[in-house]
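K.L.:
Below is one structure. I have some questions about it.
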Amino acid sequence: MLREIRPAILVLVVLTAITGLAYPLAMTAIAGAILPKQAQGSLIEKNGKVIGSALIGQEFKEGKYFHGRPSATVTPDPSDSSKTVPAPYNAANSGGSNLGPTSKALNDRVKADVEQLKAENPSASVPVDLVTTSASGLDPDISPEAALFQVPRVAKARSMSEEQVRQLVTQNTQGRFAGLLGEPRVNVLALNLALDGATAK
Amino acid sequence: MTVIGWIQIVLYCAIVLALVKPLGWYMTRVFNGERTFLSPVLRPVERGIYWIGGVDERREQHWLTYTVAMLLFHIGGFFIIYGLMRLQAALPFNPAGQTAVAEDLSFNTAISFITNTNWQNYGGESTLSYLVQMLGLTHQNFLSAATGIALAVALIRGFSRSSMRTVGNFWVDVVRCTLYVLLPICIVYALFLVSQGMPQTLQPYVDATTLEGGKQTIALGPVASQVAIKMLGTNGGGFFNANAAHPFENPTALSNFVQMISIFALGAALTNVFGRMVGNERQGWAILAVMGVLFIAGVTVTYWAEANGTTALQALGLTGGNMEGKEVRFGIVASSLFAVVTTAASCGAVNAMHDSFTALGGMIPLINMQLGEIIVGGVGAGLYGMLLFVVLAIFVAGLMVGRTPEYVGKKIEAREVKMAMLAILVLPLMYLGWTSVAVVLPSAVASMANAGPHGFTEVLYAFTSATGNNGSAFAGLSGNTFFYNLTLACSMFVGRFFMIVPAMAIAGSLAEKKSHPPSAGTFPTTGGLFVGLVVGVILIIGGLTFFPALALGPIVEHLAMNANTLF
């Protein structure tokens, strides 16, 4: 048994160096060389400034932008670090609401959101993804139905025709991968950038 | 439930099945010490490691030596992770300026990673430096996975050998598994993940100015290299707090699909390795069939429950299923499938928040873990867990006809059955025992995020996940407290090693026995009757053990949900 002590230390050290340093550092170098944009987080720049990542949702509250899903991310309370306060789309602390199917708190929040959305657009039924928080709190997407639901509000705020806005939504809708995997979706940041582009023209 | 949803599920099963034979063939060669197409490159590295470590690769070990070597290896792994976490503030690769991790959290995380559990009481991007993620967590993702596979191979050797005192050499098995199986796949896999949008960088977190002028700090890191082994090795510990739900840790529907495949790939292929090593591949397929039956049943229930949604959402006129805690790019079907896959295997990565699943949808992951994660299971651990149940099932069959039970040519006798029972009983002792302690301690109850039966399920899920070395969570529970850090670490430790040691004792005792050729009176273990018998034994033993606990949690919550009672 005693002769197993030497390999227990030395094999461990060598394997740790290979798998814990050589492998991730080599992958970083290779990925940085052949896929630099993705490796750095698919960042989007505008006028030399980073405005976000194509993959990370951000908070939209203004009427002229399409809104993403509610986000349950939090940040430490500045006045008491043992507590947290809501901080939607906090990309340095991902997480979901973790409220269950019989949670009163969840039901109350969803109910309030549904009422607000019904008032905004009484003609369509409220899409479920627009009133439920995502798992990461950083969901970059909404369903095509959730985007179309917001078209009247956005068109009005931007003095565009609903048809124009709807067209942008269609252009920014991604289907399932190979027609099979996942769900159709609209990247909210990409759609809003397209909107800003169209308005600037 | 939709047609396209079921097509995704069927496609998933088909691809996993298609991988079983080629991977099983390759892994068998690796563990038999034969040449592979990678040998010209890797053989010199392999020999170098043996030379440094003073390992004689031809010297085989008794099961006890094999087990001791494995335990010593893990003690070292524990100190590496614990030390790195405590000292991270003073070490390089820490652009976010993370401070030292507290003692109890470091202890919990170190146990969590050496046991292949990867329970996340830590926050990932908010707690750990890049160095800890790489040198601490990525390395142990490899080594705990390689250990699991090595142990399964040692147990297989117990069945396949005749009148021998040894079961292989632990160092050789671990080194060969890491170099020939895990690393090559991970290199290709990590690059694929980057191509889907997963970051792989040492740059610091980025401050972005959003379209509306707000400030958003975006956490980055060497994500892809860790996620590749996290999935392939059924580790499941997230780089980020939200795990595989985080868009950086699972950017597309395709990355999600491939991640699910990689969770099952090696575990399913090990059944083929078993078949090949005992000289009859159909023995392996029979075991995979047992796993398949239980898996499809689980997927059906969870998918149905999540697609139906909750009564509260329906009452508000919302259709489209239970989207709380799920990502749009995955939707209902890919989230439900992922949840069943990750808990059937002992992976524990999540792409949706299990805490927000419907009562029945969340009960299936719980049952998967309570059955001992034998439905494919963790790499290695799933197979040796399943073989323990096979030993019991064969024993039951032997009692029915009054013959000494035999399995793949080996007589199953008192020693094997006692060891199998010990391993199987120690799991409920941990998760039921600690759950009952937690629910009477006010400080432990205060950690629950949900009221009513759901809060109880959160605690039961935590100890089940820890004991089963899964690592997924009903994440609302605030597990980062002194009580949970210690008791969960205890559950993980016992759940891992009190299963391994009896399994290895069985390996040793079987290896010493003579192999008997099958006779007319041998119970055939490749047919439907055998599959049905094993499924029955698993469900009866499991059902008797944990049904009362389920009745207090998810079942009563389901009834409350249907009556639209809120807590």
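The values are calculated or read from the model by the stated rules, or taken from the named source; none is laboratory data. Just so we're clear, the structure is a prediction, and the values are computed from it rather than from any experiment. Glycine gets a Cβ as well: all are built from the backbone with ideal geometry, and neighbour counts include every protein chain shown.
Results for (1) modelled with pLDDT under 90; (2) under 19 Å from B:SER225 (Cβ atoms); (3) surrounded by 20 or more Cβ atoms within 10 Å (Cβ to Cβ), shown as yes or no for each residue.
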{"residue": "B:GLY77", "(1), (2), (3)": "no, yes, yes"}
{"residue": "B:ALA110", "(1), (2), (3)": "no, no, yes"}
{"residue": "B:SER126", "(1), (2), (3)": "yes, no, no"}
{"residue": "B:SER144", "(1), (2), (3)": "no, yes, yes"}
{"residue": "B:LEU151", "(1), (2), (3)": "no, no, yes"}
{"residue": "B:THR166", "(1), (2), (3)": "no, no, no"}
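K.L.:
When you go through (1) surrounded by 19 or more Cβ atoms within 10 Å (Cβ to Cβ); (2) part of a helix (DSSP H, G or I) one by one for B:VAL55, which number turns out not to apply?
P.N.:
Answer for B:VAL55: the failing condition is (2).
K.L.:
Do the conditions hold for A:PRO7, that is, is it at pLDDT below 95, part of a helix (DSSP H, G or I) and either more than 30 Å from B:GLY476 (Cα to Cα) or of a type in the set (Val, Ile, Thr) (or both)?
P.N.:
yes
K.L.:
Can you give me the number of residues within segment B:454-487 that are in a helix (DSSP H, G or I) and surrounded by fewer than 24 Cβ atoms within 10 Å (Cβ to Cβ)?
P.N.:
Filtering segment B:454-487 down to residues in a helix (DSSP H, G or I) leaves B:454-467, B:482-487.
Next, only the ones that are surrounded by fewer than 24 Cβ atoms within 10 Å (Cβ to Cβ) stay: B:455-456, B:482-483, B:485-486.
So the answer is 6.
K.L.:
Can you list the helices (runs of 4 or more DSSP H) found entirely within segment B:243-354 that contain at least 3 residues being within 18 Å of the chain's Cα centre (by Cα)?
P.N.:
Where helices (runs of 4 or more DSSP H) fall fully within segment B:243-354 and carry at least 3 residues being within 18 Å of the chain's Cα centre (by Cα), they are B:253-277, B:281-308, B:331-344.
K.L.:
Related question: In segment B:417-440, is there at least one residue being among the basic types (Lys, Arg) and touching an Asp or Glu at 6+ places or on another chain (Cβ under 9 Å)?
P.N.:
Taking every residue of segment B:417-440 in turn, none turns out to be among the basic types (Lys, Arg) and touching an Asp or Glu at 6+ places or on another chain (Cβ under 9 Å).
K.L.:
Counting only residues that are more than 7 Å from chain A (Cβ to nearest Cβ), in contact (Cβ under 8 Å) with a residue 60 or more places away in the chain and more than 19 Å from A:TYR23 (Cβ to Cβ), how many does segment B:194-233 have?
P.N.:
1
K.L.:
Being β-branched (Val, Ile, Thr) and free of Cβ contacts under 8 Å to residues at least 60 places away in the same chain is the filter; apply it to segment B:402-434 and report the residue that is farthest from B:PHE463 (Cα to Cα). Explain how you work it out, then say what you get.
P.N.:
Taking segment B:402-434 as the starting set, the residues that turn out to be β-branched (Val, Ile, Thr) are B:404, B:408, B:412, B:417, B:424, B:426.
With free of Cβ contacts under 8 Å to residues at least 60 places away in the same chain added as a condition, the list becomes B:404, B:412, B:417.
Working: B:THR404: 37, B:ILE412: 32, B:VAL417: 26 Å.
The qualifying residue farthest from B:PHE463 (Cα to Cα) is B:THR404.
K.L.:
Is one or more of the residues making up segment B:304-313 in contact (Cβ under 8 Å) with a residue 12 or more places away in the chain, over 30 Å from A:SER123 (Cβ atoms) and of a type outside the set (Val, Ile, Thr)?
P.N.:
So far as segment B:304-313 goes, yes, one or more of its residues are in contact (Cβ under 8 Å) with a residue 12 or more places away in the chain, over 30 Å from A:SER123 (Cβ atoms) and of a type outside the set (Val, Ile, Thr).
K.L.:
Kindly establish whether B:GLY325 is at positive phi and more than 7 Å from every other protein chain (Cβ to nearest Cβ). Spell out how you get there, then give the answer.
P.N.:
Details: at positive phi: yes; more than 7 Å from every other protein chain (Cβ to nearest Cβ): no.
No: the conditions fail for B:GLY325.
K.L.:
In the list A:ALA72, A:ALA39, A:ALA33, A:ALA54, which residue meets the criterion of being buried (at least 18 other Cβ atoms within 10 Å of the Cβ), more than 7 Å from chain B (Cβ to nearest Cβ) and either touching a Phe, Trp or Tyr at 6+ places or on another chain (Cβ under 6 Å) or under 24 Å from B:GLN203 (Cα atoms) (or both)?
P.N.:
Within the list A:ALA72, A:ALA39, A:ALA33, A:ALA54, the selection yields A:ALA54.
K.L.:
Can you list the helices (runs of 4 or more DSSP H) found entirely within segment A:122-201 that contain at least 3 residues being buried (at least 20 other Cβ atoms within 10 Å of the Cβ) and out of contact with any Leu (no Cβ under 7 Å at 6 or more places or on another chain)?
P.N.:
Helices (runs of 4 or more DSSP H) meeting the threshold: A:144-158.
K.L.:
From the list A:GLY179, A:GLY137, A:GLY175, pick out the single residue that is closer than 23 Å to A:SER97 by Cα, within 14 Å of chain B (Cβ to nearest Cβ) and not aliphatic (A, V, I, L, M).
P.N.:
From the options A:GLY179, A:GLY137, A:GLY175, the qualifying one is A:GLY137.
K.L.:
Now, a different point. Taking B:THR358 as the residue in question, decide whether it is farther than 17 Å from B:LEU254 by Cα and either more than 12 Å from the chain's Cα centre (by Cα) or surrounded by fewer than 24 Cβ atoms within 10 Å (Cβ to Cβ) (or both). Show your work before the answer.
P.N.:
Values: farther than 17 Å from B:LEU254 by Cα: yes; either more than 12 Å from the chain's Cα centre (by Cα) or surrounded by fewer than 24 Cβ atoms within 10 Å (Cβ to Cβ) (or both): yes.
Criteria met by B:THR358.
K.L.:
Considering only segment A:95-113, state which residues are within 7 Å of chain B (Cβ to nearest Cβ), part of a helix (DSSP H, G or I) and not hydrophobic (A, V, I, L, M, F, W, C).
P.N.:
Scanning segment A:95-113 gives A:LYS104, A:ASN107, A:LYS111.
K.L.:
Restricting attention to segment B:239-251, which residues are within 23 Å of B:VAL16 (Cβ to Cβ) and either more than 7 Å from every other protein chain (Cβ to nearest Cβ) or surrounded by fewer than 22 Cβ atoms within 10 Å (Cβ to Cβ) (or both)?
P.N.:
B:ASN243, B:ALA244, B:GLU249, B:ASN250
K.L.:
Please determine whether any residue of segment A:4-23 is more than 9 Å from chain B (Cβ to nearest Cβ) and within 23 Å of the chain's Cα centre (by Cα).
P.N.:
Within segment A:4-23 (the criterion being more than 9 Å from chain B (Cβ to nearest Cβ) and within 23 Å of the chain's Cα centre (by Cα)), the answer is no, since none of the residues qualifies.
K.L.:
Give segment B:23-52 a look and list any residue that's surrounded by fewer than 16 Cβ atoms within 10 Å (Cβ to Cβ), touching a residue at least 40 places away in the same chain (Cβ under 8 Å) and within 11 Å of chain A (Cβ to nearest Cβ), or say none.
P.N.:
The one that is surrounded by fewer than 16 Cβ atoms within 10 Å (Cβ to Cβ), touching a residue at least 40 places away in the same chain (Cβ under 8 Å) and within 11 Å of chain A (Cβ to nearest Cβ): B:VAL45.
K.L.:
Quick check: is even one residue across segment A:57-64 facing chain B (nearest Cβ under 7 Å), without any contact (Cβ under 8 Å) to a residue 60 or more places away in the chain, polar (S, T, N, Q) and crowded, with 17+ Cβ neighbours inside 10 Å?
P.N.:
So in segment A:57-64, the residues facing chain B (nearest Cβ under 7 Å) come out as A:58-62.
Then drop every residue that is not without any contact (Cβ under 8 Å) to a residue 60 or more places away in the chain, which leaves A:59, A:61.
Filter once more, keeping what is polar (S, T, N, Q): none.
Checking segment A:57-64: not a single residue is facing chain B (nearest Cβ under 7 Å), without any contact (Cβ under 8 Å) to a residue 60 or more places away in the chain, polar (S, T, N, Q) and crowded, with 17+ Cβ neighbours inside 10 Å.
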